[in-house]
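Visitor: Can you keep this structure in mind? I'll have questions shortly.
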Amino acid sequence: QVQLVESGGGLVQPGGSLRLSCVASRKIFSINDMGWYRRVPGKERELVATITSDGSTNYVDSVKGRFTISRDNAQNTVYLQMSSLKPEDTAVYYCYAYVFTTRIWGQGTQVTVSS
């Protein structure tokens, strides 16, 4: 069965950058919207960024101007480029993708912003 595999997380200093990647384990046909959530212990999951099949994007206000979501449809991959990182960006980041109307999830990748 198809899975989403995340990579790119890690430890970075404030002001630094990371790029998260999320790729399907096999070719997916009819993939639709994709995006990223993040979760901090003790808080509810937060939708960070979304991108439609034709490239339209949306972001939560706190990351606008700093994060960029993009996708490569041929590779069934979604990216999250994160710059000017802040300690409050520390979280586990989860990607998702819709196959028809079914949402599938990545396993999560830890992003820690600390000096």
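The values are calculated or read from the model by the stated rules, or taken from the named source; none is laboratory data. None of the values given here were measured: they were computed from a predicted structure. Cβ coordinates were reconstructed from backbone atoms using ideal geometry, including for glycine residues, and neighbour counts include every protein chain displayed.
Visitor: Taking the range 93-115 as the search range and keeping residues that are among the hydrophobic types (A, V, I, L, M, F, W, C) and in contact with a Ser or Thr (Cβ under 7 Å, 6 or more places away or on another chain), which one is surrounded by the fewest Cβ atoms within 10 Å (Cβ to Cβ)?
Guide: Restricting to residues being among the hydrophobic types (A, V, I, L, M, F, W, C) and in contact with a Ser or Thr (Cβ under 7 Å, 6 or more places away or on another chain), the top hit is PHE100.
Visitor: Among the candidates LEU80, LEU47, single out the residue that is surrounded by fewer than 15 Cβ atoms within 10 Å (Cβ to Cβ) and either among the basic types (Lys, Arg) or within 10 Å of the chain's Cα centre (by Cα) (or both).
Guide: Among LEU80, LEU47, only LEU47 is surrounded by fewer than 15 Cβ atoms within 10 Å (Cβ to Cβ) and either among the basic types (Lys, Arg) or within 10 Å of the chain's Cα centre (by Cα) (or both).
Visitor: Looking only at the range 63-75, how many residues end up being surrounded by 13 or more Cβ atoms within 10 Å (Cβ to Cβ) and more than 15 Å from LEU20 (Cβ to Cβ)?
Guide: The number of residues fulfilling the criteria is 1.
Visitor: Scan the range 1-26 for residues that are free of Cβ contacts under 8 Å to residues at least 60 places away in the same chain and surrounded by 13 or more Cβ atoms within 10 Å (Cβ to Cβ) and jot them down.
Guide: Within the range 1-26, SER21, VAL23 qualify.
Visitor: Sticking with this structure for a sec: Can you run down the residue pairs with Cβ atoms below 6 Å, 6 or more apart or on separate chains, where the first is in the range 27-46 and part of a loop (DSSP other than H, G, I, E, B) and the partner is at pLDDT below 95?
Guide: Once the first residue is part of a loop (DSSP other than H, G, I, E, B) and sits in the range 27-46, its partners that are at pLDDT below 95 give ILE28/VAL2; ILE28/ASN76; ILE28/VAL99; SER30/PHE100.
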